[in-house]
Amino acid sequence: MRSPSWFNVTSLALGFAFLYLPMLILIVYSFNGGRLVTVWAGFSTRWYAELLRNEAFLDAAWVTLRVALISSTLATILGVMAALALVRGGRFLGRTLFSGMIYAPLVMPEVITGLSLLLLFIAIGMDRGIGTIVLAHTTFSMCYVSVVVSARLASFDRSLEEAALDLGASPAETFRLVTLPIIAPAVISGWLLAFTLSLDDLVIASFTAGPSATTLPMKIFSSVRLGVTPEINALSTILIAVVTTGVIISSLISKQAIARKARDERRAAR
Amino acid sequence: MRRLTIALPYLWLLALFLVPFIIVLRISLSDPALAIPPYEPIWSKTEGLRDFLSRFDIENFLFLTEDDLYWKAYLSSLKIAFISTLLALLIGFPIAYGLARAPVAWRPLLLMLVILPFWTSFLIRVYAWIGILGTEGYLNQVLLGLGLISAPLQILNTDWAVYIGIVYTYVPFMILPIYATLGRIDAELLEAAEDLGCSRIKAFWLVVVPLSKAGVIGGCFLVFIPAIGEFVIPSLLGGSDTLMIGKVLWEEFFNNRDWPVASAVAVILLLLLIVPIVLFQRNEQRQRDAA
C-alpha cells in the first residue's frame with residue numbers, strides 16, 4: 001500500500017471542510033450575543049434562554065417528539081413484519097406488488113407522498129392532526145425499516161432457525177429466541193432511522209398536519225423563510241448536538257457488540 | 001401467524017400508499033369545483049360505472065401543456081438536478097477516492113464522518129447556507145475582507161444557491177456507492193499498470209475509472225432522482241424565478257388551492273421519474289449479478 005498522496009489528503013481535507021464548516025459556523029454564531037446574525041458581538045448564551053421561553057417552539061418540539069416516538073415504533077413493528085414477509089414469507093399472492101410498495105416510497109418525492117395522503121384523509125373525512133402525521137410517517141418509515149432489516153435477514157444462516165425448530169421450539173419461540181436476537185442490531189438501527197426521518201420531515205407533515213398541529217420542522221421552516229434568526233441558530237445547535245451524541249453512542253454500542261461477538265467466537269473455537 | 005405477518009404490512013401499504021395514489025390519479029382527472037374539498041366528488045353512489053368513466057377528463061393535463069409555466073418548471077427541474085448531479089460527482093469522487101486510499105485504521109472514522117451529516121436535520125443543513133451565501137453573509141464578508149471582490153456577490157436566491165444546497169445535502173449519497181466500488185479495486189492492479197509503463201494519471205483513467213463505473217452511475221441516480229422533486233432547497237435558497245416542479249406543486253396546492261392541477265402535476269412528476277428509477281434499478285441489478 002502506498003502512503004497517502006498529497007492529492008488524497010487535500011481532497012479529504014477540502015471535502016470534510018465543505019461538509020462541516022457550514023454547521024460549525026452555525027454553532028459558533030448561535031453563541032453570538034447580538035441580534036444581527038452576521039456580526040459578532042461577543043459570547044453569550046442569551047438565545048438559548050430566549051428559546052426556552054418560547055412557548056410555540058416548545059409546543060412544536062413536544063408534538064414532534066411524540067409523533068417520532070409513536071411512528072418509529074409502529075414503523076419498526078410493521079417494517080420487521082414486512083421484512084419477514086419478503087425474505088421468509090415464500091410465495092404469496094401479490095408478492096411483486098408488495099415488494100413494489102416497499103421500495104416505491106423510498107424514491108417517491110415527498111411532495112407526492114404528502115399530497116396523496118392528505119387527499120386520502122380528506123376523502124375518508126378524517127380529522128387531521130397528530131394522528132394523521134403519525135399514520136403518514138409510519139407509512140414511509142416502515143419501508144426504510146423493512147429494507148434495513150431484510151438485508152440482515154437475508155444474510156444470516158438459516159440453519160440456526162432450522163436447528164431450533166428441529167430441537168422442538170415452536171415457530172414463535174424460534175423467532176423470539178433465535179431470529180430476533182440475530183436481527184436486533186438491524187431492528188435498532190431501523191428504529192433510529194425511522195425516528196430521525198420523522199423528526200426531520202417537513203414536507204409530508206405540512207401536508208398531513210392540518211391546522212391543529214405544528215411540528216418543529218414546520219415551525220423552523222416558517223420562521224426561516226424570513227431569514228436567519230439567532231433563536232433558530234441556537235435550536236439548530238441543540239439538534240445537532242443531540243443527533244451527534246446519539247450517533248456516537250450507537251456506534252460505540254455496535255462496536256462493543258462486534259467485539260463481544262468476536263470474543264464469543266474465539267471462545268467457541270477453543 | 002405467517003398470514004398475519006404478511007397481511008398486516010400488506011394491508012397497511014395498500015390503504016396508505018396505493019389507495020392514496022389512486023385518489024391522486026382520480027382527482028387529476030376531475031374538474032376543479034368551488035367547494036370544500038375543491039374538486040368534484042370522486043364517486044357518487046347514484047351513478048353507474050359508465051357515468052363514472054364519462055366524467056374523466058384530461059382537461060387538467062391539457063391545461064399543463066398550455067401554460068408554459070409547467071413546461072419550464074419540468075425542464076428547469078431536470079436542468080437543476082442534472083447540473084447538481086455533475087457538481088456532486090466532481091466533489092464526491094475525490095472524497096470517495098481519498099477514503100478508499102486512506103489507511104485502513106482510519107477508514108471507519110472517516111466513513112462515519114461522511115454519514116454523520118446525513119443524520120442531522122436536512123432542514124438545518126439547508127438553513128446553514130442562508131447565513132453563508134447572503135449578500136451580508138459570511139462568504140461575502142470573507143471575500144470582501146480579502147479584497148477578492150469589490151461588491152458583494154448575489155448568490156442567495158439564485159440557481160447557484162440551489163446547486164450548492166443540493167450538492168451539500170446529497171453528496172454523501174454520491175460518496176458512499178463510489179467508495180464501495182473503489183474499495184473493491186485491488187491496489188495491485190494500479191501498481192501493475194504503473195509497472196507496465198502507465199503514468200499515474202493514465203493508470204487512474206485506465207484502471208480506476210472503468211472499475212468504478214457502477215458506483216458512479218449508482219451515486220448519480222441517488223442524487224439525481226431526489227433532486228428532481230426537491231422542495232425545501234429551492235424554496236429556501238432559490239429565488240422567486242427558480243422554477244422547480246416540487247415547488248410549483250406546493251404552491252398550486254397551498255397558495256392557489258387548485259387540487260386537480262396539483263394532482264396532475266404530481267402524476268407527471270412521477271412519469272418523469274420512472275425512466276431514471278428503472279435505469280437505476282437495472283444498474284443495481286447488474287452490480288448484484290457481478291458481485
For this session: Set the Förster radius R0 to 22 Å, insert the Cβ-Cβ distance between B:L18 and A:M126 as r into 1/(1 + (r/R0)^6), and round the FRET efficiency to 0.05.
Result: 0.80
For this session: Run through every distinct alpha carbon pair of the stretch B:56-96 and return the Kirkwood hydrodynamic radius in angstroms, one decimal place.
Result: 12.4 Å
Exercise. In whole Å, what are the Cα extents of chain A along the three principal axes, biggest one first?
Worked result: 71, 64, 34
Exercise. Put +1 on the Cβ of each Lys and Arg and -1 on the Cβ of each Asp and Glu in the stretch B:174-230; which of B:F221, B:V207, B:I178 then has its Cα farthest toward the positive end of the dipole?
Worked result: B:F221
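Note down the magnitude of the dipole of the stretch B:213-265 about its Cα centre, charges +1 on Lys and Arg C-beta and -1 on Asp and Glu C-beta and zero elsewhere, to the nearest 20 debye.
Using only the charged Cβ atoms, the result is roughly 220 debye.
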Seminar exercise, completed: Per-residue average of other protein chain Cβ atoms inside 10 Å, peptide B:194-207 -> 0
For this session: Averaging over all projection directions, find the projected area of the Cα convex hull of the stretch B:74-290 and quote it in nm² with one decimal place.
Result: 15.5 nm²
For this session: For A:K219, list the lysines whose Cα falls under 24 Å from its own Cα; do not include residues on the same chain fewer than 8 positions away.
Result: B:K247
Exercise. When the Karplus curve 6.51 cos²θ - 1.76 cosθ + 1.60 is applied with θ = phi - 60°, which whole-Hz ³J(HN,Hα) does each residue of the stretch B:128-144 get, with x for Gly and Pro?
Worked result: 4, 6, 4, x, 7, 8, x, 5, 9, x, 5, 5, 5, 4, 5, 5, 5
Problem set entry | Under the Karplus curve 6.51 cos²θ - 1.76 cosθ + 1.60, θ = phi - 60°, whole-Hz ³J(HN,Hα) for the stretch A:144-158, x wherever Gly or Pro sits | 5, 4, 5, 5, 4, 6, 5, 4, 5, 4, 5, 8, 9, 6, 5
Seminar exercise, completed: Most fluctuating of A:A85, A:A259, A:A184 in the GNM of chain A (C-alpha, under 10 Å) is A:A259
For this session: Can you check what the net charge comes to around B:F118, using other residues whose Cβ is under 14 Å from the Cβ of B:F118 (Lys, Arg +1; Asp, Glu -1)?
Result: 0
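Rounded to the nearest 500 deg cm²/dmol, what is the calculated helix-only ellipticity per residue at 222 nm for chain B, with -39500 (n - 2.57) per DSSP H run of length n ≥ 4?
Mean residue ellipticity, 222 nm, calculated: -22500 deg cm²/dmol.
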Seminar exercise, completed: Dividing the mean separation of Cα pairs under 8 Å (6+ apart) by the residue count of the stretch B:74-290 yields a relative contact order in percent of 28 percent
Exercise. Cross-link partners among aspartates and glutamates for B:K213, C-alpha distance below 13 Å, same-chain residues fewer than 8 apart left out?
Worked result: B:E284
Problem set entry | Dipole of chain B, positive end: most advanced residue of B:L279, B:S84, B:N140 [Cβ charges, Cα centre] | B:L279
Problem set entry | Backbone HN-Hα couplings from phi across the stretch A:30-41 [Karplus 6.51/-1.76/1.60, Hz, Gly and Pro as x] | 6, 9, 7, x, x, 7, 6, 6, 9, 10, 6, 10
Seminar exercise, completed: Once the dipole of the stretch A:178-270 is set up from charges on Cβ (+1 Lys and Arg, -1 Asp and Glu), the residue from the list A:I183, A:A268, A:I220 lying farthest towards its positive end is A:A268
Seminar exercise, completed: Dividing the helical contributions, -39500 (n - 2.57) per DSSP H run of n ≥ 4, by the residues of chain A yields a 222 nm value, nearest 500 deg cm²/dmol, of -26000 deg cm²/dmol
For this session: Round to the nearest 10 and give me the degree value, 0 to 90, for the angle of helix A:6-29's Cα axis relative to the longest principal axis of chain A.
Result: 60 degrees
Seminar exercise, completed: Computed about the Cα centre, the charge dipole of the protein assembly as shown from +1 Lys/Arg and -1 Asp/Glu charges at the Cβ has a magnitude in debye, to the nearest 20, of 1780 debye
Problem set entry | Label zone at A:Y103, where the point sits 7 Å out along the Cα-to-Cβ direction: the stretch A:129-154 residues whose backbone N lies under 13 Å | A:147
Problem set entry | Partners for B:K72 among aspartates and glutamates (Cα-Cα distance below 20 Å; same-chain residues under 8 apart left out) | B:E59, B:D159, B:E230, B:D241, B:E251, B:E252, B:D258
For this session: Mind giving me the nanometre distance, one decimal, between the label points for B:L143 and A:R263, set 7 Å out from Cα along Cα→Cβ?
Result: 5.5 nm
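So for the protein assembly as shown, considering every pair of alpha-carbon atoms, how many percent are separated by more than 44 Å?
22 percent
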Seminar exercise, completed: Expressed as a percent, the portion of alpha-carbon pairs in the stretch A:92-250 spaced more than 26 Å apart is 46 percent
Exercise. At a Förster distance of 51 Å, what's the computed FRET efficiency of B:L25 paired with B:A105, Cβ-Cβ distance as r, to 0.05?
Worked result: 0.45
For this session: With a Förster radius of 41 Å, plug the Cβ-Cβ distance of A:L226 and A:D157 into 1/(1 + (r/R0)^6) and report the FRET value to the nearest 0.05.
Result: 0.15
Problem set entry | Label point distance in nm, A:A49-B:A151, each placed 7 Å from Cα along Cα→Cβ | 4.3 nm
Exercise. Could you state the number of Å between the C-alpha centres of the stretch B:160-190 and the stretch A:34-57?
Worked result: 37 Å
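With charges set only on the Cβ (+1 for Lys and Arg, -1 for Asp and Glu), what does the dipole of the stretch B:74-290 come to about its Cα centre, in debye to the nearest 20?
Magnitude of the dipole: close to 280 debye.
Values quoted throughout were computed directly from the atomic coordinates according to the rules given, and no laboratory measurement underlies them. Keep in mind that this is a model prediction, so the values were computed, not measured. Cβ sites come from the backbone with ideal geometry, for glycine too, and all protein chains shown count toward neighbours.
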